[in-house]
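Q: The structure follows.
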2 protein chains.
Amino acid sequence: MRQFVEALEELQGRLLEMAGLVESAIHLSVRSVAERDEALAREVLKNEARVNHMEIEIDDCAVRLLALYQPMARDLRFLTAAIKINSDLERMGDLAVNIVERSLSLMRQPAINPLIDMPQLARLVESMVHRSLDSFVKRDAGLAREVLLSDDAVDDLRDAIFQELISFMQADPSTITRALDLMSIARNLERIADHATNIAEDVLFLVQGVDVRHHAEIQ
Amino acid sequence: MRQFVEALEELQGRLLEMAGLVESAIHLSVRSVAERDEALAREVLKNEARVNHMEIEIDDCAVRLLALYQPMARDLRFLTAAIKINSDLERMGDLAVNIVERSLSLMRQPAINPLIDMPQLARLVESMVHRSLDSFVKRDAGLAREVLLSDDAVDDLRDAIFQELISFMQADPSTITRALDLMSIARNLERIADHATNIAEDVLFLVQGVDVRHHAEIQ
């Protein structure tokens with residue numbers, strides 16, 4: 001049994017290492033947009049293979065532990081949560097790569113008027129990601145619930161960004177391709193926030209055994 | 001043990017029922033776009049709650065079977081595949097709802113020139129979804145591999161649609177909001193195809209015990 005406890009700790013350690021990589025990828029992707037910095041963008045692309053590799057390792061490890069130790073109750077919930085969080089992290093990594101591709105495309109075009117709401121959206125999404133992972137580390141249901149409550153603010157910021165970009169495009173069609181790149185970045189940030197929400201839901205299930213998917217009331 | 005075999009069969013039956021609902025939602029969403037038919041769109045919205053409800057039930061059932069019977073090897077692979085396929089189906093249902101929302105928005109605007117590539121993209125994506133689910137039912141690795149090979153064709157069609165829509169927007173800015181709705185529909189179809197690919201990968205893992213994620217060679 002001590003072996004099993006150690007194996008679970010090792011699994012959690014690897015998941016947090018992966019989380020660190022993905023958080024850093026998101027942060028670099030967002031900075032590469034704001035600073036038009038190709039080197040930052042390239043760094044994200046360079047780390048993608050490692051994230052993908054870690055996902056497979058962690059998934060294999062969790063499934064092996066399920067088969068080997070056939071855990072019950074809380075340990076079973078931990079392993080199923082680990083499998084889901086791992087998959088969410090990998091997708092967040094993919095979305096950071098999408099952002100970087102649009103960022104590189106933007107660097108090849110003249111700069112557009114800065115958007116007020118984009119840095120705010122990026123900050124909010126990064127904070128949701130960080131809090132969702134922190135709630136996992138600390139098994140903190142309160143923190144996980146906070147993440148779920150940020151969802152509406154993300155939608156509002158995304159809508160404001162879209163409205164502003166549509167008015168740019170209508171006023172000057174030469175901005176269309178740049179505006180589409182920026183819309184894609186906002187959309188990818190929104191999807192990263194969705195995955196942070198998934199992680200927070202998994203944490204609530206892990207801590208409380210409560211299923212909060214599909215907005216089955218959040219108090 | 002006979003109880004366990006029956007429970008697995010029941011789980012597979014429920015998963016296929018959910019698959020049927022999601023396939024029908026995708027089909028109706030696509031038709032509502034082509035035919036500008038609000039009744040079809042409303043039907044998709046009406047069924048959304050049922051899909052969400054089924055996802056939770058199936059997930060609970062699979063996790064309970066894991067805990068209760070602590071299966072090994074192939075049965076363990078089946079249960080983990082069922083958990084993943086269930087989650088992919090639920091997201092596909094969400095994406096069909098996204099398509100329907102854009103479809104309703106398009107109905108409130110004048111019709112745009114028909115796009116040649118959109119019906120072709122829709123047909124390809126629907127066929128990928130169907131084949132991925134069929135490969136699951138028949139445990140057919142060959143069929144699953146076919147789905148993985150359709151990915152490039154989806155990308156090409158999506159790119160062609162985007163190019164056409166960008167040229168519409170540049171030529172006539174009054175088409176911008178309609179073109180954005182159509183881009184969103186193409187993007188949602190592409191994401192449905194991604195989930196069909198995930199399912200095909202899970203089937204290969206289930207049938208062969210081979211992990212083909214991240215393009216670790218497909219023969």
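The values are calculated or read from the model by the stated rules, or taken from the named source; none is laboratory data. Please read these numbers as outputs of a predicted model, since none were measured by experiment. Cβ coordinates were reconstructed from backbone atoms using ideal geometry, including for glycine residues, and neighbour counts include every protein chain displayed.
Q: I'd like the full set of residues that are surrounded by fewer than 16 Cβ atoms within 10 Å (Cβ to Cβ) and touching a Phe, Trp or Tyr at 6+ places or on another chain (Cβ under 7 Å), limited to the stretch A:1-26.
A: A:Phe4
Q: If A:Met118 passes every condition in (1) of a type outside the set (Lys, Arg); (2) in a helix (DSSP H, G or I); (3) more than 22 Å from A:Asp181 (Cα to Cα) but one, which one does it miss?
A: With respect to (1) of a type outside the set (Lys, Arg); (2) in a helix (DSSP H, G or I); (3) more than 22 Å from A:Asp181 (Cα to Cα), A:Met118 is out only on (3).
Q: Taking the stated definitions as given, is B:Asp117 under 30 Å from A:Ala67 (Cα atoms) and either touching a strand residue (DSSP E or B) at 6+ places or on another chain (Cβ under 7 Å) or not basic (Lys, Arg) (or both)? Break it down stepwise before answering.
A: Values: under 30 Å from A:Ala67 (Cα atoms): no; either touching a strand residue (DSSP E or B) at 6+ places or on another chain (Cβ under 7 Å) or not basic (Lys, Arg) (or both): yes.
The answer is no for B:Asp117.
Every residue, every condition in (1) modelled with pLDDT of 95 or more; (2) farther than 17 Å from B:Ser132 by Cβ; (3) surrounded by 19 or more Cβ atoms within 10 Å (Cβ to Cβ), yes or no:
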{"position": "B:Leu28", "(1), (2), (3)": "yes, yes, yes"}
{"position": "B:Asp37", "(1), (2), (3)": "yes, yes, no"}
{"position": "B:Leu40", "(1), (2), (3)": "yes, yes, yes"}
{"position": "B:Val44", "(1), (2), (3)": "yes, yes, yes"}
{"position": "B:Asp59", "(1), (2), (3)": "no, yes, yes"}
{"position": "B:Lys84", "(1), (2), (3)": "no, no, yes"}
{"position": "B:Ser87", "(1), (2), (3)": "no, no, no"}
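Q: Let me ask something else. I'm checking my understanding of the structure. Among residues of the stretch A:46-57 that are acidic (Asp, Glu) and surrounded by fewer than 19 Cβ atoms within 10 Å (Cβ to Cβ), which one is nearest to A:Asp202 (Cα to Cα)? Write out each step before concluding.
A: Of the residues in the stretch A:46-57, the ones acidic (Asp, Glu) are A:48, A:55, A:57.
When the remaining residues are screened for being surrounded by fewer than 19 Cβ atoms within 10 Å (Cβ to Cβ), the result is A:48, A:57.
Values: A:Glu48: 24, A:Glu57: 20 Å.
Within the stretch A:46-57, the match that is nearest to A:Asp202 (Cα to Cα) is A:Glu57.
Q: Just one of (1) within 27 Å of A:Glu164 (Cβ to Cβ); (2) among the hydroxyl-bearing types (Ser, Thr, Tyr); (3) more than 14 Å from chain A (Cβ to nearest Cβ) trips up B:Ser135, so point out which.
A: With respect to (1) within 27 Å of A:Glu164 (Cβ to Cβ); (2) among the hydroxyl-bearing types (Ser, Thr, Tyr); (3) more than 14 Å from chain A (Cβ to nearest Cβ), B:Ser135 is out only on (1).
Q: Same structure again: Would you list the helices (runs of 4 or more DSSP H) that sit entirely within the stretch B:140-214 and hold 1 or more residues that are within 14 Å of chain A (Cβ to nearest Cβ), of a type in the set (Lys, Arg) and buried (at least 17 other Cβ atoms within 10 Å of the Cβ)?
A: Numbers: elements: B:141-149, B:151-171, B:176-208.
Qualifying helices (runs of 4 or more DSSP H): B:151-171, B:176-208.
Q: Of a type in the set (S, T, N, Q) and over 19 Å from A:Asn86 (Cα atoms) - does that describe any residue in the stretch B:60-82?
A: Yes, the stretch B:60-82 contains at least one residue that is of a type in the set (S, T, N, Q) and over 19 Å from A:Asn86 (Cα atoms).
Q: In this structure, is A:Leu79 farther than 18 Å from A:Asp194 by Cβ, surrounded by 13 or more Cβ atoms within 10 Å (Cβ to Cβ), in contact (Cβ under 8 Å) with a residue 12 or more places away in the chain and hydrophobic (A, V, I, L, M, F, W, C)?
A: Values: farther than 18 Å from A:Asp194 by Cβ: yes; surrounded by 13 or more Cβ atoms within 10 Å (Cβ to Cβ): yes; in contact (Cβ under 8 Å) with a residue 12 or more places away in the chain: yes; hydrophobic (A, V, I, L, M, F, W, C): yes.
Criteria met by A:Leu79.
Q: Another question, if that's okay. Just name the residue that is farthest from the other protein chains (Cβ to nearest Cβ) out of those in the stretch A:89-105 that are β-branched (Val, Ile, Thr) and crowded, with 23+ Cβ neighbours inside 10 Å. Before the answer, list the steps.
A: First pass over the stretch A:89-105, keeping only residues β-branched (Val, Ile, Thr): A:97, A:99-100.
Among the residues that remain, those that are also crowded, with 23+ Cβ neighbours inside 10 Å are: A:99-100.
Working: A:Ile99: 15, A:Val100: 18 Å.
Here the residue is A:Val100.
Q: Right, next: Checking A:Asp75 against (1) acidic (Asp, Glu); (2) modelled with pLDDT of 95 or more; (3) in contact with a Phe, Trp or Tyr (Cβ under 8 Å, 6 or more places away or on another chain), which test does it fail?
A: (2)
Q: Restricting attention to the stretch A:9-42, which residues are over 24 Å from A:Ile112 (Cα atoms) and charged (D, E, K, R)?
A: The answer is A:Glu9, A:Glu10, A:Arg14, A:Glu17, A:Glu23.
Residues checked against (1) of a type in the set (Asp, Glu); (2) over 13 Å from the mean Cα position of the chain (by Cα); (3) more than 30 Å from B:Glu38 (Cα to Cα):
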position	(1), (2), (3)
B:Ala122	no, no, no
B:Ser132	no, no, no
B:Lys138	no, yes, yes
B:Leu143	no, yes, yes
B:Ile161	no, yes, no
B:Ile176	no, yes, no
B:Ala193	no, no, no
B:Leu206	no, yes, yes
B:Gly209	no, yes, yes
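Q: Sticking with this structure for a sec: Out of the residues in the stretch A:61-76 that are at the interface with chain B (Cβ under 10 Å from one of its Cβ atoms) and aliphatic (A, V, I, L, M), which is surrounded by the fewest Cβ atoms within 10 Å (Cβ to Cβ)?
A: A:Ala73
Q: Moving on. When you check A:Ala67 against the structure, is it at pLDDT below 95, more than 30 Å from A:Leu204 (Cβ to Cβ) and of a type in the set (Gly, Ala, Ser), yes or no? If you could, list the steps in order and put the result at the bottom.
A: Values: at pLDDT below 95: yes; more than 30 Å from A:Leu204 (Cβ to Cβ): no; of a type in the set (Gly, Ala, Ser): yes.
So A:Ala67 fails the test.
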